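Rule-based calculations on the coordinates, nothing more; no lab input. In this text, all values refer to a predicted model and were calculated from it rather than measured experimentally. Cβ coordinates were reconstructed from backbone atoms using ideal geometry, including for glycine residues, and neighbour counts include every protein chain displayed.
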């Protein structure tokens, strides 16, 4: 196994080499994604106290929301697409007392966002080193950037995306791929 510090054949993973695929957005939002956080999980802890000792036991896994920031171009208009996402999730303002009552629900919210992928690439777009797929993902919040005469920054939208779990596919330097957290993985025995 070559050390990436001394081998000219392979770069380490670089934070600026990534793609985001938001299937609900025109073009998957790949070209106007500005940043993305990778999935993060937390394992809860249960303490057991015995005399003057504390013993810890792992509990449930919780996946934390991720954030994806996109530039808001004129065409396609990301603000329009964000509004369409919210409406497709079931959110409507009642127009009168006879208007149909609707609410946001998980089925519609997940269907509206479709597939979400965060892909870390190597030296080319087709050199996929790491791919995260968010399962049952839906938009928890959308924050539109502030407007100011003091800056020339591009307008952005930051999405907080909640999901049930994330699948991970990795590729080793030798080209072997490994999948984790898929519904067809089975627990391995450490006996």
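Convert 25 °C to kelvin, take the viscosity as 0.890 mPa s, use the Kirkwood radius over C-alpha pairs of the chain as Rh, and evaluate the Stokes-Einstein diffusion coefficient in µm²/s, rounded to a whole number. Result for D is 124 µm²/s. Among 131-139, 173-181, sorting by the average number of other beta carbon atoms lying within 10 angstrom of each residue, highest first, gives 131-139, 173-181.
Over all Cα atoms in segment 104-191, the spread is summed up by Rg and Dmax: 18.0, 64 Å.
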